[in-house]
Amino acid sequence: MQEVDTPSTVKGVPLAPGDIPLLGHGPRLLRDPLDWLQECGRAEPVLRLRLGPRPAYLVCCRELVHDMLVGRVNSFDKGGSLLDRARDLLGNGLVTAGHTDHRRQRRLMQPAFTPARTDSYDEVIREESAALTRRWRAGQEIDVLPELTSVTAKILGRTLLPTIDDRDADHLSDCFQILLAGSFMRAAMPFTWIHRLPTPANRRYNRAWAGAWAVADQAVAKARAQSTSSGLLHALITAGEADPEGAFSDEELRDQVTTLFIAGTETTAGTLAWLFHLLTLHPYVTKRLHRELDEVLGGRLAGPDTFPRLPYTRAVLLETMRVYPVVALLTRASSTDVDLGGHLFPTGTDFFFSAYLLHHDPTVFPDPDRFDPDRWTSPAGPAVRRAFIPFGAGKRKCIGDSLALTQATVILSAIASRWHLTPAPGSHVRPRLRGTLTPAGLRLVTQARHSPRAGCGTPSQEG
Ligand code: HEM
């Protein structure tokens with residue numbers, strides 16, 4: 001395996017299981033990511049990985065992960081092979097920026113994500129959710145992930161990025177699916193020259209890249225041309241002009257567009273796709289969820305006013321994010337020499353950490369593979385709060401967490417009030433980690449439900 005760029009391997013750190021000569025751990029990560037992460041387990045606080053072109057380490061222990069994200073955050077900046085590839089796509093946007101640029105960006109973007117602003121997006125979220133469930137017909141086979149990604153992309157376009165219309169939103173999410181998968185492959189495999197060959201996959205990747213950039217550049221140009229406009233881009237342009245650290249360039253704005261699209265669409269859609277998959281496997285949970293939605297909403301869509309009365313719905317969402325965190329693997333790079341788990345790592349060392357690994361720690365979540373929403377019906381203790389990181393932690397925690405939960409709850413209420421989803425004949429679901437962790441092969445069939453009051457319209461046929 002070709003290992004470039006020092007720092008060199010730190011001695012004494014055990015090698016993670018599943019290493020393949022010449023290819024390292026990449027094939028296991030791409031083929032069966034969850035089994036591999038489970039095998040890495042928690043026996044050692046830190047394991048050595050051969051993943052990507054540089055030596056890297058997997059931090060398995062929740063206290064050390066907490067240290068990286070919160071306690072000693074200034075010693076661990078954004079970096080590592082996954083992030084390097086993400087930077088190819090997202091430039092220097094909020095997800096990928098180093099801590100120094102991040103401070104200014106986050107300060108200027110935060111106002112678009114306050115709870116009051118998130119609540120104000122409620123109407124658009126409801127409209128798009130209702131439109132989705134109206135499009136479906138009883139007995140229809142649904143390719144769940146692209147359907148949900150299309151809705152979240154439209155919502156993002158209509159709320160934060162109004163200079164992107166529905167067609168462009170769909171085009172962007174198609175492009176980003178190709179780009180996310182392609183860049184993850186590039187980060188996981190050691191040979192970089194393969195990706196420069198003129199293969200159909202590499203050509204598709206390059207086309208998707210050009211397509212995404214064209215839409216994002218156009219969105220920025222339109223936002224600059226409009227003197228009065230809503231949306232995040234316009235707010236960033238105005239706030240940047242008044243900011244002592246200077247205005248945003250077109251390139252910086254484009255980076256925020258691509259960042260929000262990648263960070264804010266497939267994540268929420270993937271979480272909901274896992275949720276519907278888990279419901280098909282747990283009829284008792286489905287029944288309780290339907291009962292709560294029917295009793296509280298009576299066929300209407302959920303909204304911020306009804307969220308507090310939907311504790312079981314929230315528990316189902318949290319438990320889904322515990323069992324299948326869509327952002328399952330992340331990286332950091334040390335910005336100083338650091339002592340971690342009794343080993344001394346030099347500046348510039350790449351570290352991986354995994355929410356999936358932490359969420360399946362049996363000392364924190366007994367019987368961790370069991371899908372049990374009742375775990376969340378009483379307040380979480382300190383160990384759970386530290387180990388449960390679907391949105392990350394510390395100053396790089398997801399800026400869109402409450403928007404994501406709002407969207408997910410409304411979309412879930414819209415679908416579950418109206419449709420019962422069952423597995424399509426012959427469908428076979430497998431976890432796929434390509435940037436995000438999603439249920440590949442998930443196809444579900446719609447069956448109409450009766451709810452007490454059909455506020456989002458009556459299904460066209462009864463299933
Ligand atoms: C269920 C849905 C979502 C999940 C699971 C999720 C997960 C995450 C995680 C784990 C991080 C931290 C990354 C790290 O520490 O390196 C993050 C960051 C981020 N997320 Fe989300 N996210 C979701 C939805 C959203 C939405 C809806 C948006 C915006 C529309 C968004 C925008 C961002 C941004 C901009 C960052 C970077 C924050 C920063 O570094 O300051 N996310 N997300």
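The values are calculated or read from the model by the stated rules, or taken from the named source; none is laboratory data. Being a predicted model, the structure only gives us computed values, none of them experimental. When we count neighbours, we look across all protein chains shown, and the Cβ atoms used for this are built from the backbone with ideal geometry, even at glycine. Please note that ligands, DNA and RNA were not included when accessible areas were found on the heavy atoms of the full protein model with its side chains. Shrake-Rupley method; radii C 1.70, N 1.55, O 1.52, S 1.80 Å.
The set of residues from the range 88-103 being among the polar types (S, T, N, Q) and open to solvent by 40 Å² or more (accessible area, probe 1.4 Å) comprises N92, T100. Among the candidates S75, S81, the residue that is more than 10 Å from the ligand (Cβ to nearest atom), at pLDDT below 85 and at negative phi is uniquely S81. Which of the residues belonging to the range 71-82 are in contact with a Lys or Arg (Cβ under 8 Å, 6 or more places away or on another chain) and not small (G, A, S)? V73, F76, D77, K78 - these are the residues of the range 71-82 that are in contact with a Lys or Arg (Cβ under 8 Å, 6 or more places away or on another chain) and not small (G, A, S). Starting from residues that are among the aliphatic types (A, V, I, L, M) and touching a Ser or Thr at 6+ places or on another chain (Cβ under 7 Å), keep the ones in the range 206-246 and report whichever is farthest from M109 (Cα to Cα). Ranking the candidates gives A212 first.
A count restricted to the range 324-346 and to residues that are within 30 Å of D372 (Cβ to Cβ) and not in a strand (DSSP E or B) stands at 6. Considering L34, L49, the condition of being out of contact with any helix residue (DSSP H, G or I) (no Cβ under 7 Å at 6 or more places or on another chain), at pLDDT 90 or above, aliphatic (A, V, I, L, M) and closer than 30 Å to R385 by Cα is satisfied by L49 alone. The lone criterion from (1) under 17 Å from the mean Cα position of the chain (by Cα); (2) under 30 Å from G52 (Cβ atoms) left unmet by L403 is number (2). Screening the candidates T96, T133, T114, T100 for the property of being within 10 Å of the ligand (Cβ to nearest atom) and among the hydroxyl-bearing types (S, T, Y) yields one hit, T96. Here is the figure for the range 400-430: residues that are in contact (Cβ under 8 Å) with a residue 60 or more places away in the chain and closer than 23 Å to E127 by Cα total 21. For the range 295-311, a residue qualifies if it is buried (at least 19 other Cβ atoms within 10 Å of the Cβ) and not in a loop (DSSP other than H, G, I, E, B), and exactly one does: L297. Whenever a residue of the range 100-116 is part of a helix (DSSP H, G or I), its partners that are more than 10 Å from the ligand (Cβ to nearest atom) and open to solvent by 70 Å² or more (accessible area, probe 1.4 Å), lying with C-beta atoms within less than 6 angstrom and at least six residues away or across chains, give the pairs R104/E245.
With the structure loaded, tell me whether A43 is away from the ligand (no atom under 13 Å from the Cβ), open to solvent by less than 20 Å² (accessible area, probe 1.4 Å) and hydrophobic (A, V, I, L, M, F, W, C) or whether it fails that test. The answer is no for A43. Applying the set (1) of a type outside the set (K, R); (2) within 14 Å of the ligand (Cβ to nearest atom); (3) part of a helix (DSSP H, G or I) to L289 leaves exactly one unmet item: (2).
Of all residue pairs spaced 6 or more apart or on separate chains, those with beta-carbon atoms under 8 Å, a first member in the range 139-156 that is more than 12 Å from the ligand (Cβ to nearest atom) and a second member that is open to solvent by 30 Å² or more (accessible area, probe 1.4 Å) and among the charged types (D, E, K, R) are E141/R443; I142/R443; D143/R443; V144/R443; S150/D170; K154/D166; K154/D170. Residue count for the range 409-440 under the criterion of being under 15 Å from V323 (Cβ atoms), open to solvent by less than 10 Å² (accessible area, probe 1.4 Å) and hydrophobic (A, V, I, L, M, F, W, C): the result is 2. Going residue by residue through the range 50-60, is there one that turns out to be closer than 30 Å to E252 by Cα and open to solvent by 40 Å² or more (accessible area, probe 1.4 Å)? So far as the range 50-60 goes, yes, one or more of its residues are closer than 30 Å to E252 by Cα and open to solvent by 40 Å² or more (accessible area, probe 1.4 Å).
Here is a check on your reading of the model: is G394 open to solvent by less than 40 Å² (accessible area, probe 1.4 Å) and farther than 26 Å from I125 by Cα? Yes, satisfied. Taking the criterion of being closer than 24 Å to D243 by Cα, open to solvent by 20 Å² or more (accessible area, probe 1.4 Å) and touching a residue at least 40 places away in the same chain (Cβ under 8 Å), would at least one residue in the range 65-87 satisfy it? No; the residues of the range 65-87 include none that is closer than 24 Å to D243 by Cα, open to solvent by 20 Å² or more (accessible area, probe 1.4 Å) and touching a residue at least 40 places away in the same chain (Cβ under 8 Å). Just to be sure before I move on: is T306 more than 15 Å from the ligand (Cβ to nearest atom), more than 18 Å from L444 (Cα to Cα) and polar (S, T, N, Q) in the structure I sent? Against the criterion (more than 15 Å from the ligand (Cβ to nearest atom), more than 18 Å from L444 (Cα to Cα) and polar (S, T, N, Q)), T306 qualifies.
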